[in-house]
Structures are given as C-alpha cells and as structure tokens.
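Okay, structure first, notes after.
The values are calculated or read from the model by the stated rules, or taken from the named source; none is laboratory data. Note that this is a predicted model, so its numbers are computed, not measured. Cβ placement follows ideal geometry from the backbone for every residue including glycine, while neighbour counts extend to all protein chains displayed.
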Amino acid sequence: MVRYFLARILALIPILIIIAVVAFVLLRLIPGDPASAMLPDEATIEEIESMRIQLGYYDPMYVQFFRYVETIATFNFGDSLFFRIPVTEVISMKMEPTFFLALYSQILAIIVGIPVGIWAAANRGSFLDQLLMTTSLVTLSVPSFYLGLVLMLFVSVDLGLLPVYGYVSITEDPLLSIKHLVLPILTLGLAIAGVIARMTRSSILEVLSLDYIKTAYAKGVSTSTILFKHALGNAMIPTLAIIALSFSALLGGSAVIEVVFAIPGLGSAMVDSVHRRDYPMIQALLILFAGINVLIHLLVDFIYAFLDPRIRYN
Amino acid sequence: MKIKILSLIIFISFTTLLITSPYVMAKPKGTIIAAISGSPPHLDIMANTTVEMWWPAGHVYEQLFAWGADFAPTPMLAESYSVSEDDLTWTIKLRKGVRFHNGEVMDADDVLASIARWRKVSNTGKTWGNTKVEKVNSHTIQINLERPKGTMLNDLSQTSMSLVILPAEDVRGVPANELKRFIGTGPYQFDKLIPDQVVKLKSFPGYVSRGGKPNGLAGGKEALIENIEFRVIKEPSTMLAALLAGGIHVIDTLQSTDVDTVRKNPNIKTDLIKPRYWWGYSFNFARKLGANLYFRQAVQAAINHDEIAMSVTGDESLYRLDCGISHLGTFWHSTLGCRGVWDVRDQEKAKRLLKKARYNGEELLVIGTKGNIFYDRMSTVLKSQLKAVGINVKIDWYDYATMRQVRNKKDTWDVLVGGWGTTFDPNIYKQAWYKGTGRGWADIPELSIIMDQATEASDVNQRKMYYAEMNRIFTEQIPMIKAFDGYGVRAYRKEVSGYQEGFKMTTFWNVSLD
C-alpha cells in the first residue's frame, strides 16, 4: 500500500513535465504576441518589434524552452509581463478568493446535495423525488452567469441585502468577506449540489438493488438502518469522485463567476492573462491548475481505499 | 486691557487669514468609488495611453500645461511662458512652492529629468529630435528648437503618454514601465494597487493648488474627498448593478443599452459627453484594393452612416454625423472638402466608381473582433452595405489580442475598424497618416506636407487653416472613412456633486459626496 502511494506520488513528476511541455507548445501555437497586447494602440510597428526583441520573442524555440524549464525548476516563474512583478506574487494574491469561493461552494453543495440525494432515493418514484430531481436538473442546467446576474439584481439591487461585487479578505473583515461571497457561493454551490444530488440518488438506488441489501430487508432490518448503515458507505464512492472533480475544477478558478462578481481570483486571472498574452502568468497558472488536479485525484484514491477496505492497490 | 486688545488682534488676524487665503481647504471626507473595466498594471503614464491608467494617474500627476475645458493648453505647473521672435526658443517659468507627495519641492531639475525620460519613452517625446532643453535657473527652463514648432503646447499638455513631472531621482535612467514609485504633485497621492482589483488614492494634504476656477484638467483643484477607489469590474452588467445598488458612485462610460435604465432611476444622474469619439474604417494602402483611390471612393459612396452609427449606439440621441476629423465644437473643426463626397449614400455612384477601379469581385478582407461592440457590429454592417453594391467582403474574426497583432501585418487585411477619442489637437493624426508610417501605411504626400506645415506654424490661425486643408485632403484621398461621432454617457450617483459637466475626462478634484 505504502509502496503504491509512493509510486503514485512519483508518477506525478512525469505528468507535470508533460503538462509543462504542452503548456509551452500551446502558447506558441496560438496567434497574438505579448508585445502587441502589452503596448498601447498608438504604438508604432517599430516599437512593437523592439518590444518583441526585448521579450525574447524571436529567440530560437529551444532557447525559450530552456529559459522556461529553468523558471519552473527553480519555482521562479519570472515576472508577469503585464504587471511587472513576480508571477508568484500575483498568483498568491489571487489564491485566497478562489480558495474560499471553492471551499464554501463545495461545502454548500455537499450539505445540500447529499441529503437531497438520499431523500430522493429513499422516496423513489414519489412526487418529492420528482420535484427534487427536476429542481436539481434546473440548477445544474441554468448557466451560472445568468443565475449569478439574476441573484445579483434581486438580492443586491432590489433588496439591498448583499454587496454586488468584489472581494474582501477574510483576514481584513471575516463577516464582510462572507457577505461578498454569499451570492457567488449560491450560484456555484447550487449547480454542483444538483450534480451531487443526482449522483447520490442513483448510487444509492444501485446499491439498494444489491443482494446484501435484499438480505437485510429479509432479516427485518429497518429502512433507515439499511440506508445509512449498509447502503450509504458503498454509494458514496462515485459521489466522492464527483465531489473531487468539482472541487478541483473550482480550485482551478470559476472564471465566469469571478468575472460576473468581480472577484479577483485565479479563474479570471487566467482569462485576463490569455487576453494579455502574459506568457509567464499563463504557464504558471496552467501548471498550478494541473498540479491541483493531480493532487486531488491522488487524495481521492487514498480516500477510496479508506472508505472501502476491499479496494487494494498493488 | 492690553491682553484683551492683543487677543482681539489675534482673533481678527486669524479670521481674516481664514477667509482670504486661497489655500485654506476643507478637510477631505468620504470615499468615492469608480468602476474601471480593466486593471492598470502600474501608473507609468509617460509610457502608456490607456484610459484605465490615465484615470488614476491623472489625479496623481500634473503637467507643465494641461487641457482646459475649452481644449486650450493652459499653464498648470508652469507659471508662465514666452516665445522668442524667431519661434525657436521657449522659456517656461515654473510655479514656486509646488510639492511632490514625498514632501520635496519641485524645481527645474525635476522638470528637466522628467522631460529627458519622456523623450525616450513616449511617442511624442521621441519626435523632439535635436531639441535642447536647458535649465536657466531653479525655476525656469528653456527649450531650444531647430525649427519652429506650432504644436509645442500640445506636446506638453497631451494626456496620452503625457509629460508629467516626477521627482528627478525617480525618473533618471528609468526605462518605460519600470517606475518604482508613483510620486507626483497632484491633489491625490498613490496609496495602493492590487492587480485586477483596485487602485486606491488618498488626498494629498500638502497639495498646493494653482487657484482659480476649475478648468478642465487645469485651474484650481481641491481634494474634497479623502479617498478615491478605482474598482476593477469587467462585466458591464455588474457595473450597472453596482451603480444602481450604490456599490459604486461613477461609471465613466455607460453602455448605450443601459442608458434608458439609468435615466429612469431617480438616484442616478447622467452626463452627456458630446462627442467622446469618432469611429470609421481605415484602408490598407499596402494591398491592391486599399491602394486604389476609385475603390476607396466607391466604399465611401456606398455606406450609410446612420445605419452604422445606430448599429453601435442603438439610439439617435447618442451620435451625430459630421465629416470633420477634428470634432465639431473644438477650435480646429472644419468640414472643408466634405460636400458631395461624404455621406452621399449613392449606390449607383459606388457602382460606377467600382467600374473605374476595375474591381472584379476580389475579396475585401475586413478584420472583425467579437466581444467589442464597435469592431463586431461595424464590420458586420459594412459587409451587408458593401454587398449591396457588389463588393465581396470577407470578415476575418479574431479575439482582441490577436487582432492587435494581425493588424500590424501588411498582408492580412484591407479594411480595419478604428476610432479616435476627442482629439485636443489634430497633430495627433500624424500617428496614422504621415508618410506611410501609420497602421494602414497610407502615404499621401499632399497630406504629409500639410501636416508638416501645420506642425511648424506658430500662428494658431495659420495652423487652423492648414488643418482645414488637411480635412479636405483626408476626405478626398480617404485613408480612412469617418463614420460618425459617438457621444459618451457618464453616470453618477445623486450624492456626487461638483463634477465638470460634459468634459471629456472624468476627474474627482473639486468633487464632493453629499
């Protein structure tokens, strides 16, 4: 087991290397260059050329690649071409909003999604089941930017209950920080809750059809005991995968929601960096997102083994 | 008794001082929040042109001369100036006692160092060539030219890549975009910049106002508000919601689709900026179709300006049709050469001109950009209008960043959508249509000669005549077709007062919150 986990951790290295190479190649394939994006509209063609030379745009590809590898190997991703400060500094500023937005949204999704899924499964075929599943389908189908804007107009503009936009650090004012995040969390959390609810319901129903559950019913075990003691643990494994996937996606930044609510997080940073052709920022963000993704999946593997003793890795 | 008299004298003196002193200011209070659509990376306005950067930077820095409300260059950090009889020597006296935000007093050394850097990092500064700038004394400088320069005050007051005055030690040898501190002499000082989130300014207690009435970017300035926050909000719907909910106080440019909503809200005031920009279509002279005058004339004859303007503004009250490339209402405005050529909407004439141009259905490549209402709709409407006269238009769609690269290549486009903000001085058009150096590579000798003549003419009426002539050549030779003048609508919460109505730039000095 330990050997397996060590092997998995070591396997991360080639994965991250492949991602780094792909990031480098993809960036050079897309049209547009940082010099044109950085300089003002009035910049002359000569000035743009001069900036390209200054940025090493015309250096041979292998020279650019080794320069890039050096920055990764030293965890110094260089300076942002746009902000002229270290990329790590810009990213560290943007991690907090994304982390808390992801965390709170995920908590909301779990708190709402799992009970709804269990409830729907326990009342399979009933009106309540249909109502809950239809609602969950609606929440996951409505585009998040639309839901966000509707909530913003109703809750913030019409009722004046919450701030419209922006982010306040939790260290600055915890209450205000949460107030700023309520609407984005609702927007993201409800959509994920819908997915979790549907997955939980179908997993439970699948488990409930297994022989050992039928045996339990035959032995006269109560429905609630069967549901929570015998079925839920096994049914949670696929749900856990959904939770892990959605959490890693959230940590990768919810670009649309961050833009709609003007939250300066990693998702909107990625979008902005692409528009600005800020290569060092894009590369660092891609590697960060990939790293988060891979680590979360590794963690899920660990949790699988913990939840289901039958799962063994060789 | 003596004590009573002494007290009375002190009281009267103090009261008199309070009433008469022009520099006694009320304590600034409150925080005004403005929305900006993009984050400035820093405040090095000498080397940059974006509105996002100018807006905060315009409150932090000041220039020797600044645009007045009437678009005239007006002394700001300069006390006065004089020009020699041969127009080759400009002597500028500086105001005394002006303080930087670091407490130091501005003098000629700071001005010389700032000019030296500006000449290296700004487009206009680079055109100064062999001009010599010298210190006469601690508060006087002299600019010695090789040839007369009618645009001198324009150069010194322009807001894009502007000659702002910074402490000498901050600018000496510092390349573009590498400023480490943002210290100026303005009524507000730099506080904090959080990337993609906010730029914060705070009032500068040591500000020395020039005095006098507010006058555009010049005149008396007073920081009545303690803090200014420029909050980055990229989504226009969010900006509007924040304004309606009171989360921000100002939107500099409302989307035309939001104007009605805002005008109906009793908590919001709107301010029409008339005009704010003009938009049109540039031709690429490096390609066959763009280089053909008959073809350019055919396009000019074919288009319907109202249709184009409505596609972007959606409201007749938000645009006007005027052929002058210098805005109507400014000193330089002229419509010379426009009659019978511009806004004719004559498809038959267009077809005749296409025959003369020997047009055989070749593809006309237009660059389009989704996500930008001007680039998107203007290219789409142009396509449908030109199709009606038989021109085969193909729109190549790019994202904005890619478009900015593609448009610099000679072989990638024939027509490009473009715009100009309200231009204080027509000299700015040299960037576009001078000796084939601009984007579009239009080399029209007649146009370049008149631009040179206008640049050198010191007499303002003479220059005006040259610029009228420039308008005629522009309309006849058509390096670009002017489509329409667009207005801007600025929105304020009702508690904001003291702003300059109708002025192009949004400024917060002399503005207060009720």
Conditions (1) modelled with pLDDT under 95; (2) hydroxyl-bearing (Ser, Thr, Tyr); (3) within 29 Å of B:ASP258 (Cβ to Cβ); number of the one not met by B:TYR281: (1)
Check off (1) without any contact (Cβ under 8 Å) to a residue 60 or more places away in the chain; (2) surrounded by fewer than 18 Cβ atoms within 10 Å (Cβ to Cβ); (3) more than 23 Å from the chain's Cα centre (by Cα) for A:HIS230 and give me the number that stays unchecked. (2)
Residue that is modelled with the lowest pLDDT [pool: residues in the range B:256-278 that are touching a helix residue (DSSP H, G or I) at 6+ places or on another chain (Cβ under 6 Å) and within 14 Å of chain A (Cβ to nearest Cβ)]: B:ASP258
Within the range A:115-162, restricting to residues that are small (Gly, Ala, Ser) and under 18 Å from A:THR223 (Cα atoms), the one that is surrounded by the fewest Cβ atoms within 10 Å (Cβ to Cβ) is A:GLY125
Flagged in the range B:404-430 as among the β-branched types (Val, Ile, Thr) and crowded, with 22+ Cβ neighbours inside 10 Å, in numbering order, are B:VAL415, B:VAL417
Test: B:ASN215 is under 30 Å from B:LEU382 (Cα atoms), buried (at least 20 other Cβ atoms within 10 Å of the Cβ) and touching a residue at least 60 places away in the same chain (Cβ under 8 Å): no
Evaluate the following for A:GLY252: is it surrounded by fewer than 23 Cβ atoms within 10 Å (Cβ to Cβ) and either of a type in the set (Val, Ile, Thr) or within 28 Å of A:HIS297 (Cα to Cα) (or both)? yes
Top-ranked residue in the range A:274-314 [being in contact (Cβ under 8 Å) with a residue 40 or more places away in the chain and over 23 Å from the mean Cα position of the chain (by Cα); ranked as surrounded by the most Cβ atoms within 10 Å (Cβ to Cβ)]: A:ALA305
Does at least one position in the range B:62-77 carry a residue that is within 15 Å of the chain's Cα centre (by Cα), aliphatic (A, V, I, L, M) and part of a strand (DSSP E or B)? yes
Within the range A:51-82, how many residues turn out to be surrounded by 14 or more Cβ atoms within 10 Å (Cβ to Cβ), assigned to a helix (DSSP H, G or I) and of a type in the set (S, T, N, Q)? 2
Looking only at the range B:229-255, which residues are within 12 Å of chain A (Cβ to nearest Cβ) and in a loop (DSSP other than H, G, I, E, B)? B:ILE233, B:LYS234, B:GLU235, B:GLY246, B:GLY247, B:ILE248
Quick check: is even one residue across the range B:287-295 aromatic (Phe, Trp, Tyr) and buried (at least 20 other Cβ atoms within 10 Å of the Cβ)? yes
Across the range B:105-134, what is the number of residues that are among the charged types (D, E, K, R), modelled with pLDDT of 90 or more and part of a helix (DSSP H, G or I)? 5
Only one of A:THR200, A:THR187, A:THR239, A:THR215 is within 13 Å of A:SER105 (Cβ to Cβ) and assigned to a helix (DSSP H, G or I); which? A:THR187
Within the range A:55-102, track down each residue that is of a type in the set (S, T, N, Q), within 14 Å of chain B (Cβ to nearest Cβ) and in contact (Cβ under 8 Å) with a residue 12 or more places away in the chain. A:SER80, A:THR88, A:THR98
Is it true that B:LEU318 is more than 14 Å from every other protein chain (Cβ to nearest Cβ), closer than 30 Å to A:ALA269 by Cβ and modelled with pLDDT under 95? no
Could you give every pair whose Cβ atoms fall below 8 Å, whose first residue belongs to the range B:79-100 and is over 19 Å from B:GLY129 (Cβ atoms), and whose second residue is among the basic types (Lys, Arg) and surrounded by 15 or more Cβ atoms within 10 Å (Cβ to Cβ), counting only separations of at least 6 or pairs across chains? B:GLU79/B:LYS93; B:GLU79/B:ARG95; B:SER80/B:LYS93; B:TYR81/B:LYS93; B:ARG95/B:ARG210
Among the residues in the range A:176-196, are any hydrophobic (A, V, I, L, M, F, W, C), at pLDDT 90 or above and exposed (fewer than 12 other Cβ atoms within 10 Å of the Cβ)? no
Could you please find all residues in the range B:408-454 being of a type in the set (S, T, N, Q) and more than 14 Å from every other protein chain (Cβ to nearest Cβ)? B:THR422, B:SER448, B:GLN453
Just to be sure I understand, how many residues within the range B:177-192 are surrounded by fewer than 21 Cβ atoms within 10 Å (Cβ to Cβ) and outside any loop (DSSP other than H, G, I, E, B)? 2
When only residues in the range B:43-88 that are within 13 Å of chain A (Cβ to nearest Cβ) and touching a strand residue (DSSP E or B) at 6+ places or on another chain (Cβ under 7 Å) count, which is nearest to B:GLN500 (Cα to Cα)? B:GLU52
Taking the range B:363-409 only, how many residues are more than 26 Å from A:VAL274 (Cβ to Cβ), in a loop (DSSP other than H, G, I, E, B) and touching a strand residue (DSSP E or B) at 6+ places or on another chain (Cβ under 7 Å)? 1
So, of the residues in the range B:389-403 that are surrounded by fewer than 20 Cβ atoms within 10 Å (Cβ to Cβ), out of contact with any helix residue (DSSP H, G or I) (no Cβ under 6 Å at 6 or more places or on another chain) and more than 14 Å from chain A (Cβ to nearest Cβ), which turns out to be nearest to A:PRO31 (Cα to Cα)? B:LYS394
What tally of residues in the range B:476-514 results from selecting those that are over 16 Å from B:TRP278 (Cβ atoms) and part of a loop (DSSP other than H, G, I, E, B)? 16
Among B:PRO167, B:PRO195, the single one that is within 14 Å of chain A (Cβ to nearest Cβ) and more than 24 Å from B:TRP332 (Cβ to Cβ) is B:PRO195
